[in-house]
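Asker: Questions regarding the structure given below will be posed in turn.
What follows draws every value from the coordinates through simple rules; no lab data is involved. The shown structure was predicted, so the numbers you read here are calculated from the model rather than taken from an experiment. Note that we place each Cβ from the backbone using ideal geometry, even for glycine, and neighbour counts take in every protein chain shown.
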Amino acid sequence: MSDYSPQVNKQYSRDNLADQIITPLKNDGKDIDNLTRADLSTFDEFHIGGVVESRNLVSKIPDFNADCKVLDVGSGLGGLARTLADEFGCTVVGLDLTVEYVNVATKLTELVGLSDKVSFKQGNALDMPFEDNSFDVVWTQFAGMNIEDKQKLYAQCHRVLKDGGYLAFHEVMAGAKADLIFPVFWADTDEVNFLQPPETIQAILSDVGFEQVA
């Protein structure tokens, strides 16, 4: 499999992204030195369903509480990580391949005062820079569609989870219609489009050691 990380970075990177976010907030009269998560709500979780769907996913994880240490794979601008830390009190580490996203996520987290609970790291989900048995929950929303090697992705998720930990994911998957009309929101071309049908994902998850809870 080829290294398609340059294409992923090209797909998601934007020059001066932090300024593109902060300047409109200033223009809307937001106090940049005292930002809240609500101030970021129009863009903070830009996956399908937004924060409502994230809360729904939390409800499916047994014993999710403030003691949980969570890894957010494909953390983007960090909205989900901030939601989990702010609303549920847990500690969250975000991992993303796109350098600009990691930088902006870190900045926004500082501005809303959640840096004590949330941090971000640039890295590849196929070679996660974390020790075995490090997290209570591995979480990923709308990241897997850009990752070709699903077997390795979910094996890495399993590796960094503690015994009895949970993988929570919310994902675009392939349906009955095989061909996509590009661009779609996760890919301008088929270079970084790696959808698989649900039954394939379920088989891979079982193969690497997961058992379905919900």
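Asker: Could you list 96, 136, 19 so that the one with the fewest beta carbons within 10 Å of its beta carbon is first and the one with the most is last?
Answerer: Final ranking by Cβ density, sparse to dense: 19, 136, 96.
Asker: Which length gain, in nm to one decimal place, applies between residue 20 and residue 55 when the Cα-Cα distance is subtracted from 0.36 nm times their residue separation?
Answerer: Result: 9.8 nm gained on full extension.
Asker: For the chain, what is the number of Lys pairs with C-alpha distance below 16 angstrom, counting only pairs 8 or more positions apart or on separate chains?
Answerer: Here the count comes out as 7.
Asker: Looking at the chain only, what percent of DSSP beta bridges run antiparallel? Nearest 5 please.
Answerer: Percentage antiparallel, nearest 5: 5.
Asker: Between residue 110 and residue 48, what FRET efficiency comes out of the Förster formula 1/(1 + (r/R0)^6) with R0 = 25 Å and r the beta carbon distance, rounded to 0.05?
Answerer: 0.35
Asker: Dividing the alpha-carbon Rg of region 84-198 by 2.2 N^0.38 Å yields what?
Answerer: 1.16
Asker: Need the full-extension length gain, residue 36 to residue 191, defined as separation in residues times 0.36 nm minus the C-alpha distance. One decimal, nm.
Answerer: Going from the current span to full extension adds 52.1 nm.
Asker: Let me ask something else about it. Pairing rule first: another cysteine's C-beta must sit under 4.7 Å. Under that rule, which cysteines of the chain stay single?
Answerer: 157, each lacking another Cys Cβ under 4.7 Å.
Asker: Follow-up question, since we're still on this one. Would you mind listing how long region 5-208 runs along its three principal axes, going by Cα atoms, in whole Å with the largest first?
Answerer: 49, 41, 28
Asker: Using only helices, what value at 222 nm comes out for the chain when you add -39,500 (n - 2.57) per DSSP H run of length 4 or more and divide by the total residues, to the nearest 500 deg cm²/dmol?
Answerer: -10000 deg cm²/dmol
Asker: Oh, and also: For a label point 7 Å from the Cα of residue 200 along Cα→C-beta, name the residues of region 145-185 whose backbone N is under 15 Å from it.
Answerer: 145-154, 172-180
Asker: Still on this structure, please answer the following. Mind jotting down the three principal axis lengths of region 153-214 based on Cα atoms? Whole angstrom, largest first.
Answerer: Taking max minus min along each principal axis of the Cα atoms, region 153-214 gives 41, 21, 17 Å.
Asker: Only Cα pairs within less than 10 Å get springs; with that Gaussian network setup on the chain, which residue of 18, 81, 38 has the largest fluctuation?
Answerer: 38
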